[in-house]
């Protein structure tokens, strides 16, 4: 007879049997939606971007293929040079949390009140001009 107790679903990454190591950079509560980007060689490194309620996007976490990294004394060491350059946005050691999940700090945290920065304004102006030129052709 089957047990009447229903087991709760195990959260992704907590079992330790997945294909990727997850490096959490920012907490989930700050974001309202997500998008996954493939970075570098196909399927090796992925960036999970989160959208804030203000509309701005930021990196929530990174997914690194297990063959591209190894764990050494509760710290994740990246072996793949391509993945290593993609993770330049991480500051300090990548510490083990649980299962396949690791935690790290972002390189810098620009407060939302000071956004858009001067560089973001210049980039936006360039993109608008580019779109206008394409439309006028």
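The values are calculated or read from the model by the stated rules, or taken from the named source; none is laboratory data. What you see is a predicted model, and the numbers here were worked out from it, not measured in a lab. Positions of Cβ are backbone-derived with ideal geometry, glycine not excepted, and every protein chain shown enters the neighbour counts.
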If you check every pair at least six apart or on different chains, which have Cβ atoms under 8 Å apart with a residue in the stretch 105-120 that is within 14 Å of residue 26 (Cα to Cα) first and a residue that is assigned to a helix (DSSP H, G or I) second? 106/89; 107/88; 107/89
Residues of the stretch 16-31 classified as without any contact (Cβ under 8 Å) to a residue 24 or more places away in the chain and either part of a strand (DSSP E or B) or buried (at least 17 other Cβ atoms within 10 Å of the Cβ) (or both), total: 0
Select the strands (runs of 3 or more DSSP E) contained entirely in the stretch 55-137, then report the ones holding at least 1 residues which are out of contact with any strand residue (DSSP E or B) (no Cβ under 9 Å at 6 or more places or on another chain). 69-72, 90-98
Of the residues 47, 5, which single one is part of a strand (DSSP E or B) and either free of Cβ contacts under 8 Å to residues at least 12 places away in the same chain or crowded, with 17+ Cβ neighbours inside 10 Å (or both)? 47
Looking at 87, 76, can you tell me which residue is within 17 Å of the chain's Cα centre (by Cα), buried (at least 18 other Cβ atoms within 10 Å of the Cβ), at pLDDT 90 or above and under 23 Å from residue 41 (Cα atoms)? 76
